[in-house]
Amino acid sequence: MANSTLIETGNSTQDYYHSINQTYRQLFRKLLMLHYPFFRQHNESLEDRQVNLTRHCLSHVEKLDNQNVLEVGCGNGTQSLYIYENYNPAQMTGVDINSNNIELAHSINGSHHNLEFMVDDAQQLEKIADDSVDVLLCIESAFHYPEKHKFMQEIHRVLKPNGTFLIADILSRSYQHRGILERWKRKMNFHHWTESHYMKTFEENNLVVNRKEDITESIKKGYKGFGHWISRRNFSSWFNYLKFKIFIFMQVKINILLLNKRRKYFIFVGEAKKK
């Protein structure tokens with residue numbers, strides 16, 4: 001079942017998210033958030049640890065209640081829905097460049113009138129008006145943007161005076177070009193920046209970073225106990241179950257290796273300096 005769809009994950013970014021969304025629905029009977037796990041305590045499910053990451057990020061934002069909140073790179077909409085139902089924004093808008101993700105987001109929205117999903121490009125945000133957003137969130141999406149400086153220009157444009165932005169992203173520890181790997185990264189739209197590149201571009205676009213946090217260790221620890229996240233009863237045979245367990249084991253080990261050697265997970269929080 002899920003084994004065949006997971007083969008698609010290395011083909012392209014769109015195939016990756018299509019495959020992951022299908023797998024979540026097959027294994028958990030619902031969509032889950034599309035980001036890494038964050039550890040708080042032992043014996044948590046994958047869903048628990050994904051929610052942990054969202055809650056930890058939002059702990060850096062002073063206020064969401066009665067605010068106009070924009071999530072850029074909202075994926076399947078699950079995180080936007082969680083924020084809408086738990087943090088009481090006046091308006092919650094999720095945008096994503098992947099139309100398949102937005103279709104899924106519409107499917108889970110129900111009758112929430114102040115929760116809206118739209119197809120839009122983070123580097124243009126054509127559907128978002130100037131000075132209209134109180135809080136802009138971008139959690140584990142910006143590493144897909146090839147021209148992040150344009151995204152930062154858009155952050156400055158759409159934020160209200162004194163509005164807040166929060167970017168949680170997977171950074172590169174240093175720039176290293178490695179032939180075949182670099183070609184595959186371009187195919188998958190992986191465009192990891194270093195911390196210093198981020199900070200320089202924030203400054204160039206009049207975005208003031210008030211705080212930043214390295215949460216790499218909590219992300220790595222978030223994979224503890226991952227073997228218990230998948231139940232045997234969701235598979236038609238032990239063979240399919242074993243294949244899937246091997247696939248997940250390899251993915252987790254690769255992610256941890258990268259976070260140990262080449263990547264780090266960072267949160268930036270700040271505001272737009274308006275003239």
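Using only alpha carbon pairs under 8 Å that are at least six residues apart, calculate the relative contact order of the chain and give it in whole percent.
On the way: 485 pairs, mean separation 56.1, N = 275.
Taking the mean separation of contacting Cα pairs over the length of the chain, I get 20 percent.
Distances between placed amide hydrogens fall under 5 Å for THR164 paired with VAL135, LEU136, all partners being 5 or more residues away or on another chain.
Please report ASP15, ASP65 as a ranked list, fewest other C-beta atoms within 10 angstrom at the top and most at the bottom.
Values: ASP15 16, ASP65 8.
Listing ASP15, ASP65 from fewest to most nearby Cβ atoms yields ASP65, ASP15.
When both segment 123-145 and segment 58-107 are represented by their alpha-carbon centers, they are found 11 Å apart. Dimensions of segment 1-129 based on its C-alpha atoms, expressed as ranges along the principal axes with the largest first, amount to 43, 39, 28 Å. Close amide-amide hydrogen proximity is noted between TYR145 and HIS191, each under 5 Å apart and 5 or more residues distant or on a separate chain (H modeled in the peptide plane; Pro and chain starts excluded).
The 3J(HN,Hα) values that the Karplus relation (6.51, -1.76, 1.60; θ = phi - 60°) gives for segment 254-271 are, in residue order, 5, 4, 5, 4, 4, 5, 6, 10, 10, 10, 8, 10, 10, 10, 10, 10, x, 8 Hz. Gly and Pro appear as x.
Suppose every Lys and Arg Cβ carries +1 and every Asp and Glu Cβ carries -1, with no other charges. What dipole size does the chain come out with about its Cα centre, to the nearest 20 debye? Can you show the working numbers first?
Working: 36 positive and 30 negative charges, 288 e Å.
Here the chain has a charge dipole of around 1380 debye.
Kirkwood-based Rg over Rh for the chain (C-alpha set), two decimals? Can you show the working numbers first?
Details: Rg = 18.4 Å, Rh = 19.3 Å.
Ratio of gyration radius to Kirkwood radius: 0.95.
In this structure, the amide hydrogen of ASP121, modeled 1.01 Å from its nitrogen in the peptide plane, lies closer than 5 angstrom to those of GLU126, counting only residues at least 5 positions away or on a different chain. The aspartates and glutamates within cross-link reach of LYS150, meaning a Cα-to-Cα straight distance under 14 Å and a gap of 8 or more places when in the same chain, are ASP120, ASP121, GLU126, GLU203, GLU204.
If you restrict to DSSP beta bridges whose two residues both lie in segment 133-275, what percentage is antiparallel, to the nearest 5? Mind dumping the intermediate values first?
Working: 16 of 22 bridges.
In segment 133-275, DSSP labels about 75 percent of beta bridges as antiparallel.
As a footprinting exposure proxy, order TRP238, TRP193 by other Cβ within 10 Å, with the fewest listed first.
Working: TRP238 9, TRP193 21.
Ascending number of Cβ neighbours within 10 Å: TRP238, TRP193.
For the Cα atoms of the chain, what angle does the longest principal axis make with the long axis of helix 46-58, in degrees from 0 to 90, nearest 10? Helix 46-58 sits roughly 10 degrees off the main axis of the chain. The angle between the Cα long axis of helix 195-204 and the longest principal axis of the Cα atoms of the chain comes to about 30 degrees, rounded to the nearest 10.
Counting only DSSP H runs of at least 4 residues, each contributing -39500 (n - 2.57), and dividing by the residue count of the chain, the helix-based mean residue ellipticity at 222 nm comes to -12500 deg cm²/dmol. For the chain, the longest principal axis of the alpha carbon atoms and the long axis of helix 99-109 meet at an angle near 90°.
Percent antiparallel among DSSP beta bridges with both residues in the chain, to the nearest 5? Write out the running numbers ahead of the final one.
Details: 16 of 35 bridges.
If I count the DSSP bridges inside the chain, around 45 percent turn out antiparallel.
Every number here is computed from the coordinates shown, using simple stated rules; none is lab data. Keep in mind the model is a prediction, meaning the values are calculated, not measured. Every residue, glycine as well, gets a Cβ built from its backbone with ideal geometry; the counts of neighbours run over all protein chains shown.
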